[in-house]
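Q: Got a structure here, written out as structure tokens. Questions coming.
The values are calculated or read from the model by the stated rules, or taken from the named source; none is laboratory data. Here the structure is a predicted model, which is why all the values come from computation and not from measurement. For neighbour counting, all protein chains shown are included, and Cβ atoms are generated from backbone atoms with ideal geometry for every residue, glycine included. Just so you know, the surface numbers come from the protein's heavy atoms only, side chains and all, with ligands and any DNA or RNA stripped out. Shrake-Rupley method; radii C 1.70, N 1.55, O 1.52, S 1.80 Å.
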Amino acid sequence: MKQKYDITGMSCAACSAHIEKSVSQLDGVQSVNVNLLQNSMVVEYDADTLNDAKIIQAVQSGGYGASVQGEQQATAAPKNVAVEEMHHMKNRLIASFCFLIPLFYISMGHMMGAPLPSILLGDENVLIFALTQLLLTIPVLIINKKYFVVGFQALFHRTPNMDSLIALGSAASVVYSIFAIYAMSYFMGHGDIQTAHHYGMELYFESAAMILTLITVGKYMETRAKGKTSEAISRLMDLTPKQAVVIRDGKETEIPVEQVVLGDTIVVRPGQGIPVDGTLIEGFSAIDESAITGESIPVEKNVGDSVIGATINKSGYFKMTATRIGKDTTLSQIISLVEEAGASKAPIAKLADKVSGVFVPIVISIAVLACAIWLLAGNQSFSFALSIGIAVLVISCPCALGLATPTAIMVGTGKGAEYGILVKSAEALETAHQIQTVVLDKTGTLTEGKPIVTDVILAKGILRNRLVAQAAAVEALSEHPLAQAIVAYAKEKEIPLPAAENLVATAGEGIAATIDGKTIFAGNLKMMQQKHIDLGALSDVAAKLAEEGKTPLFFAENDTFLGILALMDTLKPTSKDAVDALHQMGIDVVMLTGDNQRTANAIADKLGIRAIAEVLPQDKEREVRRLQESGKKVAMVGDGINDAPALMRADVGIAIGAGTDVAIESADIVLMKSDLMDAVTAIELSHATIRNIKQNLFWAFFYNSCGIPIAAGVFYPLFALKLNPMFAAAAMSFSSAFVVGNALRLKLFTPKFSKKQNTEKPTQSHIPNTTQETTQKEEATMQKVLKIEGMMCNHCTGRVEQALNALEGVKAEVSLEEKSATVTLSQDISDDTLVKTVTDAGYEVVDIQ
């Protein structure tokens, strides 16, 4: 069982490390993940052995608060904890400065020549001078009491954290200063004004107040950063409409979207957002899905099509049935994935956690040791030694160490979501930058996933429209994907289909049907041979098409050969660019497919990659394992269904084209768009994120490595270099701000490899088109209509008209809108002549009526 908990009281990486350690020691716990930025914890455990109460008790025993996170629907208005925390921290900061500024002026102003009231000047007023500072310090202590409550509580539980360091440092300053007030009072009462004055200069109230205020400045900056790092999730949450119009009892009723139930009929008007996932049952529309899939062009939707919640109805009124609501909607799953990725830990973060877990006790030991050494040395005062100890405690706070990884991971996963790349875990984001080999599925990943007509090869005397019309009419009776592709091609070319009937299917050959009393055969080469239909020179053409990875289908009318339609699952527009980009990144690319070797080689040759063909799903998994055993880090890119074994086996599994099913368990990264370039972007984003994390960790370790020796006074004997506790607090706050600021630079990430549309349209094979070769004479008529392709403007129509009118006995009128020429003949002129005349002018006759 997996459960998420809200955690309170954490302030640094040492806190999260201690909670993880405490919970992981419970029997039945399988994994624990504590996120400092989100103040949350995710625990996987055996429900038969363990329950929520025991887990919460383990957290509370360490001095922290815990509660089961309530299930929150993405459609509900979320409570923005980061914003609330930021406002609270801002109020604390303003209040602290209100007392710190006069305190600092009173304690330090006279050193800079600033005027002070006479009541605060002179040895006789030294006690008033000290008590005034104490009264101004007390409110700052109360305002920032959280550091003392949490810090000392953690210390008493023997799990010191960052707040413990702050509490010890500032408390030591205040306690020593109060001791100085008592000493002043004593010596003034005994007439020793000089000693009383000495203790008047030993006050550290302003240091305590300055430390607390500067730490609060750092905390305020952190909370602002938390808000910015989770902007991607906030924007997603804001997408869903708050209201939905449903039909109940025959009437339209507007209700909160949380009240929508499965099966509700929802009405969506133009310009409105779609409240939940569903299926169209009436009407049609163009839906703007850019917020979910990133595709800028609206998608046409008709009855039976599915629609995604949070997308926008751009045009058209429609009704839909709710099929997914609440946390089951596509948007909710996206939000869940982004949140889980941000809360998960990269392997590189575990090093920082281990260091943080032992760092605070070591720092306290160093502070006590440094203070003792300076006291034992005997040549410095107690106040000097105390300031050394306080400076070590304050400058060593492991804030920067704790923020180094989670801020970069959260910004990185949020940036990925903006590009339609959903990273399920921080581990996947880290591993992706080590990828050496990318294994690609062919169908649906590199290619469109559905066949289209690429070539129309005509027999002698046959016009294109005649072949396509006869072929599509017969294939319309079939459910085969190739048949559907031919019918779609005819619709695209706006070719009317005659009525076909009496369908007969022959296994392993093809189909036949009757049109106007004539039998039309549609099938493979074996069918043509069985029917003794002569292909002439086109048998060699068919072989060449097959070598190119295309599927040639043959068509005949009775015993007359009509021609060949070649079909192929073509490459996606960006596949070549994506493969080239991977090669430029030094990544080897391999294609795995269940297709035959010839088809696979045809695709692989175009892309310049290696192909392994005729493999089953389990064979794909074996190939991935073989690559891993050879020492390679492997990413598998597939559709996430039949490629599941290979996706699970790969170091990083990337599911492509899963815009409406983002919860694919087998993949580590989900690409919302069916675009292979996004896999390249995911790897680039991984490189950028890991580079950012390494920069952050370097700074955090470098800062502490330099800061602690200086604060401990190591360089004081040689260079008189000593760090004032106030400057130590400022340096610590700057360190945290630097790390957060560096992580936020990831928001500027842009992919290096742009998505150039390397459009591979259905290209004609390098085979002579025999459209022009017409020997069959059709009966001459006084008027004929020629359907012509290739005319784009009035200059085109002028050229065609001029060419036809140049023929003796021909009067032609050409229409650009109809893409046709109406020819009136005063003498017998063959179709051959008309076709040749138009072809010589640079255009193609596709039909004569």
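Q: Suppose we filter region 34-65 for residues that are of a type in the set (S, T, N, Q) and either in a helix (DSSP H, G or I) or without any contact (Cβ under 8 Å) to a residue 40 or more places away in the chain (or both); how many remain?
A: Residues flagged as of a type in the set (S, T, N, Q) and either in a helix (DSSP H, G or I) or without any contact (Cβ under 8 Å) to a residue 40 or more places away in the chain (or both) within region 34-65 amount to 4.
Q: Then there is this: Filter region 419-433 for residues that are more than 15 Å from GLN333 (Cα to Cα), modelled with pLDDT under 85 and open to solvent by 20 Å² or more (accessible area, probe 1.4 Å) and give the result.
A: Within region 419-433, GLU427, GLU430 meet the criteria.
Q: Could you tell me whether ASP605 is under 17 Å from SER425 (Cα atoms) and modelled with pLDDT of 80 or more?
A: no
Q: Looking at the structure I just gave you, is LYS544 assigned to a helix (DSSP H, G or I), touching a residue at least 12 places away in the same chain (Cβ under 8 Å), touching a Gly at 6+ places or on another chain (Cβ under 8 Å) and under 30 Å from ASP605 (Cα atoms)?
A: Taking the combined requirement at face value, the residue does not satisfy it.
Q: Among the residues of region 243-279 satisfying the criterion of being at pLDDT below 90 and on the phi > 0 side of the Ramachandran plot, which is most open to solvent (accessible area, probe 1.4 Å)?
A: This residue is ASP249.
Q: Which residues, counting only those in region 454-505, are in contact with a Lys or Arg (Cβ under 9 Å, 6 or more places away or on another chain), part of a strand (DSSP E or B) and not hydrophobic (A, V, I, L, M, F, W, C)?
A: THR454, ASP455
Q: Quick one: THR240 ticks every box in (1) open to solvent by less than 20 Å² (accessible area, probe 1.4 Å); (2) in contact with a strand residue (DSSP E or B) (Cβ under 9 Å, 6 or more places away or on another chain); (3) at pLDDT 85 or above bar one, so which box is it?
A: (3) is the only condition that THR240 fails.
Q: For region 547-555, state whether one or more residues are open to solvent by 70 Å² or more (accessible area, probe 1.4 Å) and touching a residue at least 24 places away in the same chain (Cβ under 8 Å).
A: Checked region 547-555: at least one residue is open to solvent by 70 Å² or more (accessible area, probe 1.4 Å) and touching a residue at least 24 places away in the same chain (Cβ under 8 Å).
Q: Could you check, for region 711-718, whether at least one of its residues is surrounded by fewer than 24 Cβ atoms within 10 Å (Cβ to Cβ), at pLDDT below 85, more than 16 Å from the chain's Cα centre (by Cα) and within 23 Å of ASP441 (Cβ to Cβ)?
A: No - not one qualifying residue is present in region 711-718.
Q: Next up: Could you please let me know if LEU467 is in contact (Cβ under 8 Å) with a residue 40 or more places away in the chain, in contact with a helix residue (DSSP H, G or I) (Cβ under 7 Å, 6 or more places away or on another chain) and open to solvent by less than 20 Å² (accessible area, probe 1.4 Å)?
A: no
Q: Does region 135-167 hold any residues that are within 30 Å of HIS197 (Cβ to Cβ), in contact (Cβ under 8 Å) with a residue 60 or more places away in the chain and touching a helix residue (DSSP H, G or I) at 6+ places or on another chain (Cβ under 6 Å), and which are they?
A: LEU136, THR137, VAL140
Q: For region 13-39, give me each residue that is closer than 29 Å to MET86 by Cβ and either among the aromatic types (Phe, Trp, Tyr) or touching a strand residue (DSSP E or B) at 6+ places or on another chain (Cβ under 6 Å) (or both).
A: Within region 13-39, SER16, ILE19, GLU20, VAL23, VAL32, ASN33, VAL34, ASN39 meet the criteria.
Q: Filter region 637-653 down to the residues that are in contact with an Asp or Glu (Cβ under 7 Å, 6 or more places away or on another chain) and either among the hydroxyl-bearing types (Ser, Thr, Tyr) or at pLDDT 85 or above (or both), then identify the one that is nearest to GLN434 (Cα to Cα).
A: If we take residues in region 637-653 being in contact with an Asp or Glu (Cβ under 7 Å, 6 or more places away or on another chain) and either among the hydroxyl-bearing types (Ser, Thr, Tyr) or at pLDDT 85 or above (or both), then VAL652 is nearest to GLN434 (Cα to Cα).
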